[in-house]
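Below is one structure, written out as structure tokens; comments come after it.
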Amino acid sequence: MSEEKYLLEVEHLKQYFPIKEGFRTVPLKAVDDISFAIKPGETLGLVGESGCGKTTVGRTLLRLYQPTAGRIVFDGEVLFDSEKKIDVDMHPYRKQMQMVFQDPYSSLDPRMTVEDIIGEPLDVHKLYSSKGERRDKILSLMETVGLNAEHAMRYAHEFSGGQRQRIGIARALAVDPKFIVCDEPVSALDVSIQAQVVNMFEELQEKLGVAYLFIAHDLLVVHHISDRIAVMYLGHMMEIADADDLNNNPIHPYTLSLLSAVPIPDPNIARKSQRIILEGDVPSPLKMPSGCPFRTRCRYATEQCAKEMPPLTDRGNRHFVACWNK
Ligand SMILES: Nc1ncnc2c1ncn2[C@@H]1O[C@H](COP(=O)(O)OP(=O)(O)OP(=O)(O)O)[C@@H](O)[C@H]1O
Ligand code: SF4
Ligand SMILES: [Mg+2]
């Protein structure tokens, strides 16, 4: 990597899950050799179809899964390096790396009060010296995420989806993290309140300087909030670039098809724009095509594509693309 200071550097990360097929165990390659870096206070958007490995990337970074291989450097410390056999105790780092989940209904215990939910990480990491200080911290966190502090004793089930997501964010912020994995945090919410919650993520970032890995299906949502965007397909990184650059000058055939799937509000523009419809299904990650995993659906595929996975190469301006023919 360059001399720029990154908060998080991920190199050649692999996450294989052992799957039983009859008497054999085969690896499901959920994440297969991906690399990226995030600067302090920056947002990397991560997009791709369902099952391409986005959540697995987030969970592996937070070490909810043991990585199969690769290297993870956080804030200058090597947390994991399979070649050098480095695998540090994550406890001191849990405070600095948090996660906000997709579904605010299942990720919060409905029988817990807001005070208990936000207080839990404060308890785990012993972040107060008196009951009064604990309460003050909880109330101030509620205020930070736009919740009425008078509702601290209410139960999670009494809140709407958007408010529950705010509770989830307050819980993640309680430990003052430097990095948050936001795993599709607005996709379970009503469209009408998605923008409000995305704006809140942005405001919190400006105020607190926290970095995000922001996972979403919707390229529009990601474009709005991201500094850079990474596109995944079947466990592989296909393209990664600055958000505007990726949106205005997409290069990879898969990114082009994702962008043409984004609905365009003006029908005249929609008619003029060439829509590239994705044909065929995503192959099973247990029966990965040889070479480029996108080749079974790619109109530009050539013989070489079946032989070898294209490496990510810099096309200028830190715009990386993995494709033999584009
Ligand atoms: N714990 C697990 N054990 C075995 N396989 C898993 C596990 N978690 C995920 N997978 C598989 O790994 C692949 C990637 O899943 P993942 O949940 O990371 O995708 P995703 O991009 O987050 O999808 P979605 O958009 O639907 O949330 C899928 O094939 C999935 O079935
Ligand atoms: S490497 Fe080949 S199959 Fe893969 S995206 Fe490029 S042209 Fe298509
Ligand atoms: Mg997911």
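A few points about this structure:
- Whole-angstrom Cα spans of the stretch 132-208 along principal axes, big to small: 38, 30, 16
- Solvent-accessible area, 1.4 Å probe, carbon plus sulfur percent, for the chain: 50 percent
- The slack between GLU143 and LYS20, meaning 0.36 nm per residue of separation minus the straight C-alpha distance, is 39.5 nm.
- Taking the Cα atoms of the stretch 97-243, the ratio Rg/Rh between the radius of gyration and the Kirkwood radius comes to 0.99.
- Only Lys, Arg (+1) and Asp, Glu (-1) charged, at Cβ; the chain dipole about Cα centre in debye: 720 debye
- Computing FRET efficiency as 1/(1 + (r/R0)^6) for LEU208 and ARG111, where r is the C-beta to C-beta distance and R0 is 22 Å, gives about 0.15.
- Here LYS5 is the anchor, and the aspartates and glutamates within straight C-alpha reach of less than 15 Å, apart from those fewer than 8 places off in the same chain, are GLU42, ASP75, GLU77.
- In the full protein context, the stretch 81-148 carries 58 Å² of accessible surface per residue, based on a 1.4 Å probe and ignoring ligands, DNA and RNA.
- Of the residues HIS157, GLN194, ILE118, the one whose Cα sits farthest towards the positive end of the charge dipole of the stretch 116-220 is ILE118 (charges of +1 on Lys and Arg Cβ, -1 on Asp and Glu Cβ, taken about the Cα centre).
- Out-of-range pairs (alpha-carbon distance over 23 Å; input LYS85/LYS307; LYS20/LYS287; LYS131/LYS178; LYS20/LYS307): LYS85/LYS307; LYS131/LYS178; LYS20/LYS307
- Cut-off 9 Å between beta-carbons: net charge of the residues surrounding ALA69, Lys and Arg +1, Asp and Glu -1: 0
- Label-point separation, ASN317 to THR302 (7 Å along Cα→Cβ), nm: 2.5 nm
- Within straight-line cross-link reach of LYS84, lysines at Cα separation under 17 Å, skipping those fewer than 8 residues along the same chain: LYS14
- Degrees between helix 131-144 axis and first principal axis of the chain (Cα, 0 to 90, nearest 10): 50 degrees
- Beta bridges per DSSP, both residues in the chain: antiparallel share near 65 percent.
- Rg over Rh, two decimals, the stretch 195-265 (C-alpha only, Kirkwood Rh): 0.98
- Positive contributions from Lys and Arg (+1) and negative ones from Asp and Glu (-1), summed over other residues with Cβ under 9 Å from the Cβ of GLN15, come out at +2.
- Ratio Rg/Rh [Cα only; Rh per Kirkwood] for the chain: 0.99
The values are calculated or read from the model by the stated rules, or taken from the named source; none is laboratory data. Because the structure is predicted, anything quoted here is derived from the model rather than measured. FYI the Cβ positions are ideal-geometry reconstructions off the backbone, even for glycines, and counts take in every protein chain you see. With ligands, DNA and RNA removed, areas are computed over all heavy atoms of the protein, side chains included. Shrake-Rupley method; radii C 1.70, N 1.55, O 1.52, S 1.80 Å.
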